[in-house]
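These notes are about the structure you will find just below.
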There are 2 protein chains.
Amino acid sequence: MTLALDPAAQDLLFREAHTVNSFTDEPVSEEQVQAIYDLVKYAPTAFNQSPLRIVLVRSAEARERLVPHMAEGNQPKTASAPLVAILAADNEFHEELPSLFPHAPQIKDAFFSERGTREQAAGFNASLQAGYFIVGIRAAGLAAGPMTGFDPAGVQKEFLDDDHTPLMIVNIGKPGENAWKPRSPRLAFDQVVTTV
Amino acid sequence: MTLALDPAAQDLLFREAHTVNSFTDEPVSEEQVQAIYDLVKYAPTAFNQSPLRIVLVRSAEARERLVPHMAEGNQPKTASAPLVAILAADNEFHEELPSLFPHAPQIKDAFFSERGTREQAAGFNASLQAGYFIVGIRAAGLAAGPMTGFDPAGVQKEFLDDDHTPLMIVNIGKPGENAWKPRSPRLAFDQVVTTV
């Protein structure tokens, strides 16, 4: 009992959860996505900058525009998943900082006046949030199929703008038949953690 | 009941969890860190590349070497937290890929022969894992104080090497008195999520 989180929740979020490559036809509702967001929005980012932005690809027309930008091995699952989300970093997140970090509104200009600094901060913090979002999908009883195998420039041009950098595309739904491969090995504690 | 995760776990990991700035003296044991790792190691990375590496700063001598590299506002809490972890990306993660992705060992050379490609992949995937690690700290009933306010070059030189890029430093422990500020606002769903 070293962990406070109950074993069922450990299984749901980590131990029994798998990256899924096939899905049932059951749709993913707007209410489910909202519940995921309303849970994971509380997880931390630097200065509460919250740079993650999400494009939900729902229409058949938008799906047709997305699939050709996926790596070939990702195309069939992206074409057939109940819902596909494009996760992106907002490089102009600083515009929201005075309302997101109201006790120190000067942070916006003191730290984030340079676009390069913003791109680095947005990329890192939105990536943290992408990790939280994957956990949130599982918290909703759904499975995630996160993918980095796509053409970022193509996805950016088709769905975003110059201020938004795509990070990851996630298929979302209920696992279908043979939804995952056997779990690959993980690194041992001693390969990852050193103590000084 | 839109979420499958039970409300107590939602509170533990997200709703009632806060970034903590002061801690009690209660130590964080090796067993607790191992339990956190053994939970979050299952969360996904691209090609299972698992590039996150963690340096636990336990000795007084190492703590003294770390504190001067922290931003001034972070120095007192880093000096007093029961445990401090340096999270870094291993830019040479590809050496482990044949064992981490055994059904396609050719990935190592086909995708990751270039150092620049590896740095980008390691940075992104280790950042995802940093998000999982923060969730894992909370799953252990502990509080996290993640910080990006430090001198990366100084921390890299003092604790890492050229192949490991520091991403974040995390104070870990039980919340002390006045451990957190009031929660800052989060962006509304419609500010973050668009549907196409």
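The values are calculated or read from the model by the stated rules, or taken from the named source; none is laboratory data. Fair warning: this is a prediction, and the values are worked out from it, not measured in the lab. Neighbour counts are summed over all protein chains in view; Cβ atoms, including those assigned to glycine, are modelled from backbone coordinates with ideal geometry. What goes into the accessible areas is simple: the full protein's heavy atoms, side chains included, and nothing from ligands, DNA or RNA. Shrake-Rupley method; radii C 1.70, N 1.55, O 1.52, S 1.80 Å.
To keep it simple, each residue is scored yes or no on (1) farther than 30 Å from A:K108 by Cα; (2) at pLDDT below 95; (3) of a type in the set (F, W, Y); (4) assigned to a helix (DSSP H, G or I).
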| position | (1), (2), (3), (4) |
| --- | --- |
| A:E26 | yes, no, no, no |
| A:D38 | no, no, no, yes |
| A:A43 | no, no, no, no |
| A:F47 | no, no, yes, yes |
| A:S50 | no, no, no, no |
| A:L56 | no, no, no, no |
| A:V67 | yes, no, no, yes |
| A:H94 | no, no, no, yes |
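Here's the yes/no breakdown for (1) in contact with a Phe, Trp or Tyr (Cβ under 8 Å, 6 or more places away or on another chain); (2) surrounded by 13 or more Cβ atoms within 10 Å (Cβ to Cβ); (3) free of Cβ contacts under 8 Å to residues at least 12 places away in the same chain; (4) within 17 Å of B:V155 (Cα to Cα):
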site: B:E72; (1), (2), (3), (4): no, no, yes, yes
site: B:A79; (1), (2), (3), (4): no, yes, no, yes
site: B:P82; (1), (2), (3), (4): yes, yes, no, no
site: B:I86; (1), (2), (3), (4): yes, yes, no, yes
site: B:N91; (1), (2), (3), (4): no, yes, no, yes
site: B:H94; (1), (2), (3), (4): yes, yes, no, no
site: B:I107; (1), (2), (3), (4): yes, yes, no, no
Handout entry: Scope region A:97-111; condition polar (S, T, N, Q) and assigned to a loop (DSSP other than H, G, I, E, B); matching residues
Key = A:Q106
Exercise for the section: For region B:53-64, indicate whether the set of residues that are in contact with a strand residue (DSSP E or B) (Cβ under 6 Å, 6 or more places away or on another chain), small (G, A, S) and either open to solvent by less than 10 Å² (accessible area, probe 1.4 Å) or closer than 19 Å to A:V192 by Cβ (or both) is non-empty. Expected result: no
Practice task
Report yes if B:A81 is aliphatic (A, V, I, L, M), in contact with a helix residue (DSSP H, G or I) (Cβ under 8 Å, 6 or more places away or on another chain) and modelled with pLDDT of 95 or more, otherwise no.
Solution key: no
Problem - Qualifying residue in region A:119-131 (condition: at the interface with another protein chain (Cβ under 8 Å from one of its Cβ atoms), open to solvent by 50 Å² or more (accessible area, probe 1.4 Å) and without any contact (Cβ under 8 Å) to a residue 24 or more places away in the chain) - result: no
Exercise for the section: For region A:94-130, enumerate the residues that are of a type in the set (S, T, N, Q) and closer than 17 Å to A:D163 by Cα. Expected result: A:S113, A:T117, A:Q120, A:N125, A:S127
Practice task
Search region A:50-61 for residues that are within 7 Å of another protein chain (Cβ to nearest Cβ) and pair each with any residue that is open to solvent by 10 Å² or more (accessible area, probe 1.4 Å) and of a type in the set (G, A, S) when their beta-carbon atoms are under 9 Å apart and the residues are at least 6 apart or on different chains.
Solution key: none
Exercise for the section: Can you work out which of the residues in region A:1-21 that are assigned to a helix (DSSP H, G or I) and touching a helix residue (DSSP H, G or I) at 6+ places or on another chain (Cβ under 8 Å) is most open to solvent (accessible area, probe 1.4 Å)? Expected result: A:R15
Completion exercise
Residues of region B:176-196 being among the β-branched types (V, I, T) and open to solvent by 30 Å² or more (accessible area, probe 1.4 Å), in sequence order, are B:T194, B:T195, B:V196
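For region B:39-46, does any single residue satisfy the condition of being basic (K, R), open to solvent by 10 Å² or more (accessible area, probe 1.4 Å) and touching a residue at least 60 places away in the same chain (Cβ under 8 Å)?
No, there is no match, as no residue in region B:39-46 is basic (K, R), open to solvent by 10 Å² or more (accessible area, probe 1.4 Å) and touching a residue at least 60 places away in the same chain (Cβ under 8 Å).
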Problem - Filter pass, B:T19 being of a type outside the set (G, A, S), touching a residue at least 60 places away in the same chain (Cβ under 8 Å) and either more than 8 Å from chain A (Cβ to nearest Cβ) or in contact with a His (Cβ under 9 Å, 6 or more places away or on another chain) (or both) - result: no
Problem - Condition met for B:E26 (free of Cβ contacts under 8 Å to residues at least 12 places away in the same chain and out of contact with any helix residue (DSSP H, G or I) (no Cβ under 8 Å at 6 or more places or on another chain)) - result: no
Practice task
Go through the residues of region A:152-175 one by one and say whether even a single one is over 14 Å from the mean Cα position of the chain (by Cα), facing chain B (nearest Cβ under 10 Å) and open to solvent by less than 10 Å² (accessible area, probe 1.4 Å).
Solution key: no
